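Every number in this text was worked out from the coordinates using simple rules, so none of it is lab data. Because the structure is a prediction, the values reported are computed rather than measured. Counting neighbours? That spans all protein chains shown, and the Cβs are built from the backbone with ideal geometry, glycine included.
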Amino acid sequence: MTDSVSLTQKELMLNAGIALGILIPLFFCCSFWTVVFYIGAIRLIGNISFLYRTVKEYYLTKQLDLSQRYGEGTYALITGGANGIGLEYANQLAKMNFNLVIIDLNQEALDKAKEDITKASPIKVSTIQADITRLRSIADYNDLLKPLRSFDISVLINNVGAASTLPFNEATPSFVSTIMDLNIVSVVAFTSLFYERLLARTNGDKRSAIITVSSSSSYYPVPNFFLYSATKGFASYFMSTFMKEKSPKIDALTACPGFVSTSMTGYRKDSITIGPDLCVKNSLRSLGNFSTTEVTYKVRIMISGIMQGIWYIDSCLFNKFLESLGTSDANKKAFEVMSKRERQLFKD
Ligand SMILES: *[C@@H]1O[C@H](CO)[C@@H](O)[C@H](O)[C@H]1NC(C)=O
């Protein structure tokens, strides 16, 4: 997904040397995430381009004027935008003077979002209630989007998605296809449906944007997260393919945050979890300058640590460490909340 994860033999040897001195003692005294962070940090020392790219994104990049870049008074369309990260995109884009189209399953949440946002910002908000898993044909999408024909939509945010922490043996076909509809089909469908439209408006110096909310679990098959990891892997891979084919007039960004405290994660709170406000703020800051973001430098370094860890340490052994994702107390609790919610949501 990112070229920064492949290692040359030389780099590997250099890093392995540094690692032996620092990592082995660390394994005996620190938490899993601390160790992962340090492995990533060592990678930073050994890889100047990774270091440069990280510093550039998190310390040198300033927020671009997005409403100027994509057009004053244009619309941002957000799927799954009445809750969590999607709602936060709505709030922050409203403050940047974008008008909004919010699509969501939950009418009540849509009404509340509209009321709160229009109270805070003098912008227009249109809401569309829809169950995205029921959209099957182009005609379904055309019906859904008919009211938007005259809207100048400049930013598409593929945000809708669902977590999946159910064990293999509990994943029924209908559960699997719901998760795939939300995390995969919606991303490809909305991107391809809006592409021509976003392109058509980029005359002169106007630009358009597509953000897809993926996940840092798209980089590596995370134990206990099998379907989520796999579907987010698809979303990220699709976006990186799309980026090679898209017009340079369209800014595309894949956001790959770690844990974000929303209903999806059972409002998880710990040192590796960030709030939706920071997640969205940082991803909007990267939009236009970068094609992928891990949203915080910490997660970026940890992802690098995980990829690197697989090289340093036998990958089976490393998997054991990763499994602590599911077995530490905090994670166990979070996963229980999540899978309970999933069982309720996806009762056959
Ligand atoms: C981000 O993009 C803007 C506009 O294209 C450019 O002027 C700026 O130098 C870029 N910033 C970085 C840190 O690359």
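How much length would be gained if the chain were fully extended between residue 290 and residue 196, taking 0.36 nm per residue of separation minus their Cα-Cα distance, in nm to one decimal? Don't jump to the answer; show the numbers that get you there.
Working: separation 94, 0.36 × 94 = 33.84 nm, distance 2.19 nm.
Gain on extension, residue 290 to residue 196, equals 31.6 nm.
Grab the beta carbon distance between residue 206 and residue 45, set R0 = 41 Å, and tell me the FRET efficiency rounded to 0.05.
Taking R0 as 41 Å, the efficiency between residue 206 and residue 45 is 0.45.
Do any GluC sites (Glu not before Pro) in region 26-130 lie in a DSSP loop with no more than 15 other beta carbon atoms within 10 Å, and if so, which? Walk me through the numbers on the way to the answer.
Working: sites: 57, 72, 88, 108, 115; in loops: 72.
Here the sparse-neighbourhood loop sites are 72.
Over what distance in Å are the Cα centres of region 77-138 and region 189-268 separated?
Measuring centre to centre over Cα atoms gives 18 Å.
Fully extended, how many nm does the chain gain between residue 168 and residue 60 (0.36 nm per residue separation, minus their Cα-Cα distance)?
Gain on extension, residue 168 to residue 60, equals 34.5 nm.
Using 15 Å as the cut-off for backbone N distance, which residues of region 227-263 belong to the label zone defined by a point 7 Å from the Cα of residue 281 along Cα→Cβ?
Residues passing the 15 Å test: 261.
Name the residue from 127, 165, 153 whose Cα lies farthest towards the positive end of the charge dipole of region 82-224, charges +1 on Cβ of Lys and Arg and -1 on Cβ of Asp and Glu.
153
Any idea how far apart residue 297 and residue 149 come out in nm if each label point goes 7 Å out from Cα toward Cβ?
My value for the distance between the label points is 5.1 nm.
Charges on Cβ only, +1 for Lys and Arg, -1 for Asp and Glu, centred on the Cα centroid of region 70-120; of 103, 83, 70, which one is farthest towards the dipole's positive end?
My answer, from the dipole projection, is 70.
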